[in-house]
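Comments concern the structure below.
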Amino acid sequence: MAMNACCLTEQEKRIESGAGQLSPRQRINGFLSNFRDQIPRIDIQRAVLFTESMSQTENYPMNIRRAKALNYVLNHIDVVIEDNELIVGTCGGAGRHSILFPEVRGPWFEKALRGAQKSKAFQISDEDIQVIKEKVIPYWKGKSAHERYLAMLPPDTREVIYGNDNWGSAGLLQDNANINTTLNWAGNYKKVIDKGILEIKKEMQERLNKVPDSDYSKMAFLQSAIIVCDGIMGYATRYANKARQLALKEKDPKRKEELEMIARNCERVPAHPARSFWEALQCQWFVQTAYKLEQPTVGVISLGRFDQYMYSTFNKDYQAGVIDEERALELMECLWFKIANYVPFNITATQNYFEGYCHFEQTVLGGQTKDGHDATNELTYLILRSKKEFPLHYPDLSVRVHSRTPDRLLRAIVELIKEGTGFPKLLNDEEIIPFILQNGVSIQEVRDYVPCGCTEVRLLDIDTYMAVGCNLNTPAALEMAMNDGVVDIDGTKKKLMAPSIKATDIKTYEDLLQNFTEAWDFLVQHYYKRQAALEISNAACLAAPFMSMLNDACVESLTDIHQPIRGHGLSKDTGNLSVIGFGTVVESLAAIKKLIFEEKKITLDELKKALEANFEGHERLRQILLNAPQYGNNDDFATEVARQADEIICDVVRRYRTPNGPQNLKHVPVTTHVAMGRKMNATPNGRKAGEALSEGISPTQGRDTEGPLVTLLSIAKAKSNLYNNSLSRLTNIKISPQILTGEKGTRDLMAFIRTFVDLKLWHIQFAVINKDTLIKAQKEPEKYRNLIVRVAGYSAYFTELSPDLQNEIINRTEHQMC
Amino acid sequence: MNLIVLIKKSSVELSLKKVGVMVMKELTGRIVNIQKYSVHDGPGIRDLVFMKGCPLKCIWCSNPETQSPSFQLAYNSKRCIGVESCGYCVKECAQEVFTINGKNNIEMDRSKCINCLKCVNICCSKALHVFGTDMTVDEVFKKTQNQTDTWRSNGGVTISGGEPLLQADFVTALLKKYKTVGVHTAIETTGYAPWERLEQVARWCNLIFYDIKILNKQKHNNYTGVDNSVILQNIKKLTEKFPDIEIIVRTPVIPNINNQEKDIINIVKFLDGLDNLNDYELLPYHGYGSSKYLQLGMTYKLEGIGSLEKEPIYELNQRIRKMLNLRKKV
Ligand code: SF4
Ligand code: SF4
């Protein structure tokens, strides 16, 4: 059926007309011309320089070694200024690039780099692979963070997680350990922009003077801070010199002037406080670069509350007439481009756990000030405008909404949502603030929370918990509950545990829940074992002097952020145990409860046979399952099943602790639900083997048929609210552009967002796109190369995703006009 | 002494009567569907309640399942998984309504059907289903009110059909209930009912969508099966008696039937004599309903007629608004 032109989003119109998006700003278009055709290049400088330094400092404490290594990298890495850039600095040369962290996964590189080269996902020369093989891998063999972790894991836990490949999880617990070394974080940019590194260095020096002579660990902390201060200032000076050289040679007077300005900026920041918007942006990027070179962060280091810490210089320049909106946009977009060019090297043996070159340097807008007022300012609106006009999907954008978010902001949000690129995602102060308050932090501090990564949140001067969590395959627990502890992963059956009620003796729904609780407990225990091993092994081999220096809790205690910090900071995760497939489990349980135990339409045996056969020859049974009461349609029966399941899931998780305390759970799959689903057998909700599991806290793709408001209500009712350990519940809603047309469509969606705030749900994001467009994009990828879709917590180019994930996105319910 | 039982299912009612139980039947309405998140039938985000039964039989009707006041058996071949893997309906029906058409699909001879609904109960995929369910006021309210406490869009509930006035008592009770909790109410009506019914229901409405399809009596009769005098009298009275209710007259524009400008202008002239009209809307024809005719085993007379270009109709609509001194719609 031909699509109605009035119902295409702006993004769809652009693609249909073959126009592709261009920026209104000439400079940005220049950068763009070869960006999309560029396969990211793996730059080996960081790995080689880092290793050189580390191999010469073995006798020093870890934080000093890391500080020296970062300093060495900053002082030796190529200084590159590309044509027409206004913001300078790179972690690995010109263009789209990726860098390597051998201290984390070094021994795996040879295989991984060859794989990346072969798959054409990244480019790297044979010579560079040879350098890594000779100069990098040998040093790290046996010393990398991942090997230390593996050595510490109890053998049975290692077996459950990794099976026969120590570098890639098997699918039951998808382990994020040592893919990155920190949880989602945002940089503490404000500090450097406002104070300058020299001032910080001075403070460190003064503290050092006061440390008693014998307190070597505290001294080491401060010495390493001073080393990284010198490192980043040296880096900036190198850029200043480079810009001066280029300016001398430059023929074009306009560019010459720009280069001289760049040189002056780099002489000023980050050493001194930024005075102008341009300086502040340059400072931001230098600091971001140092964070990136120091260690790999989940989602890549976020930008934090950008409209807050950038406002004062913006406003000053704007009021003084130094910049107008156009110039401010151009400068910011130069920064966005730098961000787009940095691609994390995320290929693992199970490469599809995170897809589409995903990185989400979350840029946060709105929210509240420390004293509880709405924080929106003119820069907020300018950044929302930039998101419409900037043709790439970086950086990720979120808005904190709350009960007093002004209508003007809500309207700007909705207008951006209507564009159809999936931006921005929304985080709800009304849910998040009370949750963090219970950790015993002051309300003023909590109001300044920073969303990072997908939906996680951080207090930049208080939080110190680092160890990266793991995704748990919840439908697998149900499979074990029904099958005497046997689970079929990737075509191999394994008996992992023995539930107390034998499968043949399951007589009631409560019996089944009992077994499910035990099977879930089994997975959760392994989670805690690995988490404890990770906390301990990370503390033994990691340090992050740069990040630690910019975190007040670390500075107060003079302790590196990878060490347990008690008393000063908060050793709290923000939801670390990631529950995958909640909807799949709930739908399965609802079908079983209704059809087997209440109506007795089918028996457990029949169900198991049908699942075993992947429903082949059992289509009738599958249909009956599909037509059971559905979670997501606000059906009382299914909602109660969901609530009870949530209760069990949360209750089991609070039984255990790691050395740092109890852990929280979250519902943030990124794309793990697709990867896990690929390895899983059929499930009792009628899902066939290999199909994606449900996403986040949402019902299975396509099952919620009563409109988005009902979906939201169901999700709200499924919250058991009995315990305080369930954070970061991710909701993804797909909406057909039809119901958003015109002014009425705008107002309806504004009201919908107010409802989301009222319901106290954690997070929501909207995918506004016509199903037809996605289907066409699958058939003719060339034509749709720049089609951006919301994946899960981030946006990506649709055609860069695997076919499975593409299908999963197509199948998410599109809420239509009624 | 008689035992008084409050029930709602008429089948039970019969059997209870046989054993001498006096039955006080709770008021129920026959409903086809409750649609959520409707954004085109009144302000804000709304719930749309489709009542079953309509006195008109418009040949362009896009909701044929709402015409008959009886329960109706329907077959959605798209959902059917085929007789090869199922075929339970064929076995279950003692009346031999179903035959296999050789293509893994079923065919139905509806004349033999006695409405026992055995096939519906056995069908796994809901390919066989019934249009129509009886619900009490509270049941409908519950299914829709769960949104009121979080409604931020100034939305509400719209009762549509079918013809809501055919079940005026039920609709009145339901609307009253919404009023007690302050929900915005609207109905969509053909106006074809005794004035008293319309008056009774209108009292509880904030907004009435009122259809005037064709002005010419004979033509109206030909295409809808009823005379339009009552309809025209009722709208006059309605606008006079209820100046505070928002009233919007609508005309569906159907190719080859009333899409000539003069057809519309006739209606406009009539409307010019009314007071208190809030808006007049032209609704360009769409063929979305045709698959439901198929499900019901009915023939759709307008099959393949095509759709209308929307732009000229919107443009005409704006001109008419000017003529009638109605506010331009944004
Ligand atoms: S309702 Fe009864 S008679 Fe009619 S088709 Fe179904 S089973 Fe046959
Ligand atoms: S019972 Fe339903 S699914 Fe089965 S053949 Fe009949 S109509 Fe099709």
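We did not get these values from a lab; they are worked out from the coordinates using the rules stated. Just so we're clear, the structure is a prediction, and the values are computed from it rather than from any experiment. Cβ atoms come from the backbone with ideal geometry, glycine included; neighbour counts cover every protein chain shown.
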Extending each Cα 7 Å along its Cβ direction at B:Phe270 and B:Glu96, get the distance between those two points in nm, one decimal.
5.1 nm
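Anything over 21 Å Cα to Cα? Flag those among B:Lys118/B:Lys143; A:Lys502/A:Lys679; A:Lys719/B:Lys176; A:Lys190/A:Lys338; B:Lys213/B:Lys262; A:Lys593/B:Lys142, in the order listed.
Details: B:Lys118/B:Lys143 27 Å; A:Lys502/A:Lys679 25 Å; A:Lys719/B:Lys176 33 Å; A:Lys190/A:Lys338 19 Å; B:Lys213/B:Lys262 13 Å; A:Lys593/B:Lys142 24 Å.
With Cα atoms farther than 21 Å apart: B:Lys118/B:Lys143; A:Lys502/A:Lys679; A:Lys719/B:Lys176; A:Lys593/B:Lys142.
What share of the DSSP beta bridges in the protein assembly as shown is antiparallel, in percent to the nearest 5?
Values: 34 of 95 bridges.
The antiparallel proportion sits near 35 percent.
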Cross-link partners among aspartates and glutamates for A:Lys201, C-alpha distance below 17 Å, same-chain residues fewer than 8 apart left out?
A:Asp230, A:Glu267, A:Asp552, A:Glu556, A:Asp560
As straight-line cross-link partners of A:Lys507, the qualifying aspartates and glutamates (C-alpha separation under 19 Å, not fewer than 8 residues apart within one chain) are A:Glu479, A:Asp484, A:Glu518, A:Glu598, A:Glu599, A:Asp605, A:Glu606
For A:Ile580, B:Ile264, order by how many other beta-carbon atoms lie within 10 Å, fewest first:
B:Ile264, A:Ile580
For A:Ile735, distant residues with modelled amide H under 5 Å away:
A:Ala767, A:Val768, A:Ile769, A:His815
Could you size up the charge dipole of chain A around its Cα centre, putting +1 on the beta carbon of Lys and Arg and -1 on that of Asp and Glu, and report it in debye to the nearest 20?
680 debye
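Sorted from fewest to most neighbouring beta carbons within 10 Å, what does the list A:Trp336, B:Trp60 look like? Could you put the intermediate results ahead of the total?
Values: A:Trp336 25, B:Trp60 21.
Ascending Cβ contact count within 10 Å gives the list B:Trp60, A:Trp336.
Report the far tail of the P(r) of the protein assembly as shown, meaning the percent of Cα-Cα pairs longer than 50 Å. Don't skip to the end; give the middle numbers.
On the way: 214448 of 658378 pairs.
Considering the protein assembly as shown, 33 percent of its Cα-Cα pairs are separated by more than 50 Å.
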Which trypsin sites (Lys or Arg not before Pro) does segment A:517-620 hold that lie in a coil by DSSP with at most 10 other beta carbons within 10 Å?
A:Lys600
Check the straight Cα-Cα distances from A:Lys292 and name the aspartates and glutamates below 12 Å, setting aside those fewer than 8 residues away within the same chain.
A:Glu361
Residue by residue through segment A:130-143, what is 3J(HN,Hα) from phi via Karplus (6.51 cos²θ - 1.76 cosθ + 1.60, θ = phi - 60°)? Round to whole Hz and write x for glycine and proline.
4, 4, 4, 5, 8, 9, 10, 4, x, 5, 8, 3, x, 10
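Take each of the peptides A:106-112, A:290-296, average the number of other beta-carbon atoms within 10 Å over its residues, and list them starting from the highest.
Numbers: A:106-112: 19.7, A:290-296: 24.4.
Per-residue Cβ counts within 10 Å, averaged per peptide and sorted highest first, yield A:290-296, A:106-112.
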Roughly what would the spin-label model give for A:Lys111 and B:Arg110, points 7 Å off Cα along C-beta, in nm?
6.4 nm
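Mind sorting A:His763, A:His359, A:His673 by how few other Cβ atoms lie within 10 Å of their own Cβ, fewest first?
Numbers: A:His763 28, A:His359 25, A:His673 31.
Final ranking by Cβ density, sparse to dense: A:His359, A:His763, A:His673.
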Give the relative contact order (percent, whole number) for chain B; include only Cα pairs under 8 Å separated by 6+ residues.
16 percent
For the cross-link pairs A:Lys191/A:Lys316; A:Lys495/A:Lys601; B:Lys241/B:Lys269; A:Lys13/A:Lys779, which exceed 23 Å when the distance is taken from alpha carbon to alpha carbon?
A:Lys495/A:Lys601
Between the helical axis of A:378-389 and the dominant principal axis of chain A, each derived from Cα atoms, what acute angle in degrees is found, rounded to the nearest 10?
70 degrees
CD proxy at 222 nm, helix term only [per DSSP H run n ≥ 4: -39500 (n - 2.57); per residue of chain A; nearest 500]
-14500 deg cm²/dmol
On a 0 to 90° scale, report how tilted helix A:253-268 is relative to the longest principal axis of chain A, with both axes built from alpha carbons and the result rounded to the nearest 10.
80 degrees
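Can you compute the helix-only [θ] at 222 nm over chain B? Use -39500 (n - 2.57) per DSSP H run of at least 4 residues, normalise by all residues, nearest 500 deg cm²/dmol. If you can, show how the numbers build up before the last one.
Details: 11 runs with 103 residues, N = 330.
Per the formula, -9000 deg cm²/dmol.
In chain B, which whole DSSP H runs stretch at least 27 Å along their own axis (Cα) and average 1.0 or higher on the Kyte-Doolittle scale?
Details: long enough: none.
Membrane-span-like by this criterion, though nothing is claimed about a membrane: none.
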If you take the square roots of the eigenvalues of the alpha-carbon gyration tensor of chain B and sort them as a ≥ b ≥ c, do you get rounded (a/c under 1.5), prolate (a/b over b/c) or oblate?
oblate
Relative contact order of chain A, pairs being alpha-carbon contacts under 8 Å that are 6 or more residues apart, as %:
15 percent
Once both label points are put 7 Å beyond Cα along the C-beta direction, the B:Tyr314-A:Asp505 separation in nm becomes 6.9 nm
Along the Cα-to-C-beta direction of B:Asn76, a point sits 7 Å from the Cα; which residues of segment A:596-638 have their amide N less than 20 Å from that point?
A:619-636, A:638
Measure nothing fancy, just the Cα-based angle from helix A:277-294's long axis to the longest principal axis of chain A, in degrees from 0 to 90, nearest 10.
60 degrees
The answer for trypsin sites (Lys or Arg not before Pro) in segment A:381-488 that fall in a DSSP coil and have at most 14 neighbouring Cβ atoms within 10 Å is A:Arg404
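Note down the Stokes-Einstein diffusion coefficient of segment B:72-131 in µm²/s, whole number, using a Kirkwood radius over alpha carbon pairs, 10 °C, and 1.306 mPa s. Mind showing how you got there, number by number?
Details: Rh = 11.3 Å.
Answer, rounded: 141 µm²/s.
Using r as the Cβ-Cβ distance of B:Glu196 and B:Glu26, and R0 as 25 Å, what FRET efficiency do you calculate, to the nearest 0.05?
Details: r = 23 Å, r/R0 = 0.94.
Working from the Cβ atoms, E equals 0.60.
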